[in-house]
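The structure under discussion appears below in the form of C-alpha cells.
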Amino acid sequence: MASEQGASLEFRHVPVDAADAAALVSAMVAEMRDLYDGLDLDAPDMPKAGPAELGPPGGTFLVGYRDGIPVCGGGIKALPDGACEIKRMYVVPQARRAGVARALLAELEDAARDLGYRICRLDTGSRQPHAQAFYESVGYRRVGNFNNNPAAAFHGEKRLA
C-alpha cells in the first residue's frame, strides 16, 4: 500500500550540498529544465534555494531513505515575513505513486514546526497540475506570488497546527 511504502522511509537532515542531497537536487533541476524548456532554477530572477537558504538557522534540507537509498528530498527556507517556503521537493521516478511525496511533505511540515514556523508556503508550475492537486489535497490554499517566481503558476500556503 502507498501509506506503508511512505511509512518505510527514514528521514535525515542533510546539507543541501552534501552528496545525497546534491544528487537529488541535481536530478530535480534537470527534470524541471526538461519539463519547462530549459528553465534555469539558478537564474538570477529565480528564488534562491542554496546552502545559505536551506540550512541553519532558518532552514534545513531533508533526505528520505528507503533501505539506505535516497529516494526523496526537500528543503525549508525562511521568508522575510516569518513564514517558510518548501523548496526543491523531489521524489525519484521509481519511488513515485507510492506515498513518498505525502510522507516527505509531512516530514517537511514537521521540520518547519520544529524551526518555529506557523505558516508554510510553496509553489509549482503550470506543467505540474498533479503537484498542484496534491498540495491542495493536503490543505494548501492559493495565495499571491509571494516569492516572485516567474515560472510558478500556483502559489500555496498552509497554516501549520
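The values are calculated or read from the model by the stated rules, or taken from the named source; none is laboratory data. Owing to the predicted nature of the structure, the values given are computational and were not obtained by experimental measurement. With ideal geometry, Cβ positions are generated from the backbone for all residues, glycine too; neighbour counts draw on all protein chains shown. Remember, those area values only see protein heavy atoms, side chains included, never the ligands or the DNA or RNA. Shrake-Rupley method; radii C 1.70, N 1.55, O 1.52, S 1.80 Å.
Which of the residues spanning segment 3-25 are open to solvent by less than 70 Å² (accessible area, probe 1.4 Å), at pLDDT 95 or above and either over 12 Å from residue 61 (Cβ atoms) or out of contact with any helix residue (DSSP H, G or I) (no Cβ under 7 Å at 6 or more places or on another chain) (or both)? Write out each step before concluding.
Filtering segment 3-25 for residues open to solvent by less than 70 Å² (accessible area, probe 1.4 Å) gives 6, 8-9, 11, 14, 16, 18, 20-25.
With at pLDDT 95 or above added as a condition, the list becomes 9, 11, 14, 16, 18, 20-25.
Scanning segment 3-25 gives 9, 18, 20, 21, 22, 23, 24, 25.
Checking the condition open to solvent by 20 Å² or more (accessible area, probe 1.4 Å) and among the hydroxyl-bearing types (Ser, Thr, Tyr), which residue from 36, 65 passes?
On the way: 65 fails: open to solvent by 20 Å² or more (accessible area, probe 1.4 Å).
Of 36, 65, the one residue that is open to solvent by 20 Å² or more (accessible area, probe 1.4 Å) and among the hydroxyl-bearing types (Ser, Thr, Tyr) is 36.
Is segment 101-123 home to any residue that is among the hydrophobic types (A, V, I, L, M, F, W, C), out of contact with any strand residue (DSSP E or B) (no Cβ under 6 Å at 6 or more places or on another chain) and closer than 21 Å to residue 151 by Cβ?
So far as segment 101-123 goes, yes, one or more of its residues are among the hydrophobic types (A, V, I, L, M, F, W, C), out of contact with any strand residue (DSSP E or B) (no Cβ under 6 Å at 6 or more places or on another chain) and closer than 21 Å to residue 151 by Cβ.
Here are the criteria: (1) in contact with a helix residue (DSSP H, G or I) (Cβ under 8 Å, 6 or more places away or on another chain); (2) crowded, with 17+ Cβ neighbours inside 10 Å; (3) modelled with pLDDT of 95 or more; (4) among the hydrophobic types (A, V, I, L, M, F, W, C). Tell me which single one residue 112 does not satisfy.
Failed condition: (1).
Take segment 74-85 and flag every residue that is open to solvent by less than 80 Å² (accessible area, probe 1.4 Å), closer than 21 Å to residue 151 by Cα and either in contact with a Pro (Cβ under 9 Å, 6 or more places away or on another chain) or without any contact (Cβ under 8 Å) to a residue 60 or more places away in the chain (or both).
Within segment 74-85, 74, 75, 76, 77, 78, 84, 85 meet the criteria.
In segment 38-65, how many residues are under 16 Å from residue 11 (Cβ atoms) and either over 16 Å from the mean Cα position of the chain (by Cα) or not in a loop (DSSP other than H, G, I, E, B) (or both)?
Counting residues in segment 38-65 that are under 16 Å from residue 11 (Cβ atoms) and either over 16 Å from the mean Cα position of the chain (by Cα) or not in a loop (DSSP other than H, G, I, E, B) (or both) gives 6.
Quick check: anything in segment 100-107 at pLDDT 95 or above, under 14 Å from the mean Cα position of the chain (by Cα) and open to solvent by 60 Å² or more (accessible area, probe 1.4 Å)? I'd like the intermediate steps shown before the answer.
Start the filter on segment 100-107 by keeping residues that are at pLDDT 95 or above, which leaves 100-107.
With the extra rule that they be under 14 Å from the mean Cα position of the chain (by Cα), the set shrinks to 100-107.
Retained after the next criterion (residues that are open to solvent by 60 Å² or more (accessible area, probe 1.4 Å)): 102, 107.
Yes - at least one qualifying residue is present in segment 100-107.
Here are some residues: 70, 51, 56. Which one is in contact (Cβ under 8 Å) with a residue 12 or more places away in the chain and more than 22 Å from residue 148 (Cα to Cα)? Spell out the reasoning first.
Values: 51 fails: more than 22 Å from residue 148 (Cα to Cα); 56 fails: in contact (Cβ under 8 Å) with a residue 12 or more places away in the chain.
Exactly one of 70, 51, 56 is in contact (Cβ under 8 Å) with a residue 12 or more places away in the chain and more than 22 Å from residue 148 (Cα to Cα), namely 70.
Here is a check on your reading of the model: is residue 97 open to solvent by 60 Å² or more (accessible area, probe 1.4 Å), more than 22 Å from residue 148 (Cβ to Cβ) and modelled with pLDDT under 95?
In short, yes.
Could you grab me the full set of residues in segment 120-157 that are open to solvent by 60 Å² or more (accessible area, probe 1.4 Å), over 21 Å from residue 82 (Cα atoms) and outside any loop (DSSP other than H, G, I, E, B)?
We begin by selecting, within segment 120-157, every residue open to solvent by 60 Å² or more (accessible area, probe 1.4 Å); these are 126-127, 129-130, 136-137, 141-142, 145, 148, 150.
Restricting the remaining residues to those that are over 21 Å from residue 82 (Cα atoms) gives 126-127, 129-130, 136-137, 150.
Listed by number, the residues that qualify are 129, 130, 136, 137.
Could we say that residue 127 is among the basic types (Lys, Arg), touching a helix residue (DSSP H, G or I) at 6+ places or on another chain (Cβ under 7 Å), touching a residue at least 40 places away in the same chain (Cβ under 8 Å) and within 20 Å of residue 45 (Cα to Cα) here?
Numbers: among the basic types (Lys, Arg): yes; touching a helix residue (DSSP H, G or I) at 6+ places or on another chain (Cβ under 7 Å): yes; touching a residue at least 40 places away in the same chain (Cβ under 8 Å): yes; within 20 Å of residue 45 (Cα to Cα): yes.
Yes: the conditions hold for residue 127.
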